[in-house]
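Peer 1: Just passing along the structure, written as structure tokens.
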Amino acid sequence: MGMFLPTGRRVQALAMALFAVAASQAYSQDATLSKPEGKTILTIEGEISVTNSGSEAVFDRAMLEELGVKTVKTTTPWYDGDVTFEGVPMRVLLERVGSEGEELVARALNDYSTVIPISDFYDHDVILALKRDGEYMEISDKGPLFIVYPYDGENLHSQQYYARSAWQVARLVVR
């Protein structure tokens, strides 16, 4: 008896199957979220599949920064001149919690809320800013978290996008 060696389409199908198994194992390893060690500054709920506190995903500052930080330099109606914001890309944050929705409700500490299409986070490099001009943002200055669009680079200077730019963000609801 000879040894069976897959050829052609069998090799391709076998390779795809092995890749799918490896990808699912990698995802299952990433499908957990550690618990915050510091003060919780963000809670995400709704249509998400990765949680660490019941049906919610909660984050402290360090957990957010571990996701990777992006810098956006832009002008805004709230500050004079160019401002440099640093924060987590919103699409990265939503992918990390396994977002399955089409829109996001951002709720601020002062109960302001706004609805944002999740497509915005893929169409524009929107960040959840933690810092402004190199300093962590305080509650008294739109912190600790501020949804920021790159207003200049993508012609987003409009009331529509300003209204989606919630500050003092404390909770995100994916729906």
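Peer 1: For the stretch 123-139, give me each residue that is part of a helix (DSSP H, G or I) and either modelled with pLDDT under 95 or surrounded by 18 or more Cβ atoms within 10 Å (Cβ to Cβ) (or both). Steps first, answer last, please.
Peer 2: Of the stretch 123-139, the ones part of a helix (DSSP H, G or I) are 123, 139.
Within the stretch 123-139, no residue meets the criteria.
Peer 1: Within the stretch 66-86, can you find the residues that are over 15 Å from PHE146 (Cβ atoms) and in contact (Cβ under 8 Å) with a residue 24 or more places away in the chain? Full working, then the answer.
Peer 2: As a first pass, look at the stretch 66-86 and keep what is over 15 Å from PHE146 (Cβ atoms): 66-68, 80-82.
The answer is LEU67, GLY68.
Peer 1: Considering only residues of the stretch 80-102 that are of a type in the set (Asp, Glu) and not in a helix (DSSP H, G or I), which is surrounded by the most Cβ atoms within 10 Å (Cβ to Cβ)?
Peer 2: Pass one, the stretch 80-102, residues of a type in the set (Asp, Glu): 80, 82, 86, 95, 100, 102.
So of that shortlist, the ones also not in a helix (DSSP H, G or I) come out as 80, 82, 86, 100, 102.
On the way: ASP80: 7, ASP82: 11, GLU86: 20, GLU100: 13, GLU102: 11.
Once the filter is applied, the top-ranked residue is GLU86.
Peer 1: If I ask for residues that are in a strand (DSSP E or B), buried (at least 17 other Cβ atoms within 10 Å of the Cβ) and of a type in the set (Val, Ile, Thr), which ones from the stretch 103-119 would you list?
Peer 2: Step one: of the stretch 103-119, the residues in a strand (DSSP E or B) are 103-108, 113-117.
Still in the running and buried (at least 17 other Cβ atoms within 10 Å of the Cβ): 104-108, 116.
Answer for the stretch 103-119, where residues must be in a strand (DSSP E or B), buried (at least 17 other Cβ atoms within 10 Å of the Cβ) and of a type in the set (Val, Ile, Thr): VAL105, ILE116.
Peer 1: Mind checking which residues of the stretch 115-173 are among the charged types (D, E, K, R) and more than 16 Å from TRP78 (Cα to Cα)? First the steps, then the outcome.
Peer 2: Residues of the stretch 115-173 that are among the charged types (D, E, K, R), as a first pass: 120, 123, 125, 131-133, 135, 138, 141-142, 152, 154, 164, 171.
Within the stretch 115-173, ASP120, ASP123, ASP125, GLU135, GLU154, ARG171 meet the criteria.
Peer 1: May I pose another question? Kindly provide the set of residues from the stretch 50-79 that are more than 16 Å from the chain's Cα centre (by Cα) and outside any loop (DSSP other than H, G, I, E, B), ordered by number.
Peer 2: Passing the criteria: SER53, LYS73, THR74, THR75.
Peer 1: Is one or more of the residues making up the stretch 27-47 surrounded by 13 or more Cβ atoms within 10 Å (Cβ to Cβ) and without any contact (Cβ under 8 Å) to a residue 40 or more places away in the chain?
Peer 2: Yes, the stretch 27-47 contains at least one residue that is surrounded by 13 or more Cβ atoms within 10 Å (Cβ to Cβ) and without any contact (Cβ under 8 Å) to a residue 40 or more places away in the chain.
The values are calculated or read from the model by the stated rules, or taken from the named source; none is laboratory data. Please read all numbers here as calculations on a predicted model, not as lab measurements. Methodologically, a virtual Cβ is constructed for each residue, glycine included, from the backbone with ideal geometry; neighbour enumeration extends over all protein chains shown.
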